[in-house]
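Contents: one structure, followed by commentary.
The values are calculated or read from the model by the stated rules, or taken from the named source; none is laboratory data. If you're wondering where the values come from, they're calculated on a predicted model, not measured in any experiment. As a convention, Cβ positions derive from the backbone with ideal geometry for all residues, glycine included, and neighbour counts pool all protein chains shown.
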Amino acid sequence: MLITDLQRFLPHIARMAEKSLRVKIRRNAKPPNPYRWEIYRGPVSIERSMQGYPAEQAAAEAGYQFMARLLNRKSAAKNRK
């Protein structure tokens, strides 16, 4: 089901899908550090690593740590308002 189908039938679920964050690991470089992470909100990449990682697991851990910091910054900004 596409996002547009969701919007038509279940608008609240479509809004949640558009706002959800996820980490994606990519292997797009040559060794010794071929793995990089990207953070997506819906279909759009909003952040990506500038450095490579030697293992997929290392890139995933760094990506999730960055996403946690990103969420903490956003929640702190909301609490200030």
Matching residues, segment 20-62, being within 15 Å of the chain's Cα centre (by Cα), among the small types (G, A, S) and part of a helix (DSSP H, G or I): A59, A60, A62
task: Return yes when R22 is of a type in the set (D, E, K, R), surrounded by 14 or more Cβ atoms within 10 Å (Cβ to Cβ), modelled with pLDDT of 55 or more and in contact with a strand residue (DSSP E or B) (Cβ under 6 Å, 6 or more places away or on another chain) and no when it is not.
output: no
message: Residues that are in contact with a Phe, Trp or Tyr (Cβ under 9 Å, 6 or more places away or on another chain) and modelled with pLDDT of 70 or more: does segment 68-81 have at least one?
response: no
task: Would you point out the residue of segment 36-81, among those that are among the polar types (S, T, N, Q) and touching a helix residue (DSSP H, G or I) at 6+ places or on another chain (Cβ under 9 Å), that is farthest from S20 (Cα to Cα)?
output: Q51
field: Selection count where residues are under 18 Å from N28 (Cβ atoms), among the acidic types (D, E) and either without any contact (Cβ under 8 Å) to a residue 24 or more places away in the chain or in contact with a Pro (Cβ under 7 Å, 6 or more places away or on another chain) (or both), scope segment 42-67
entry: 1
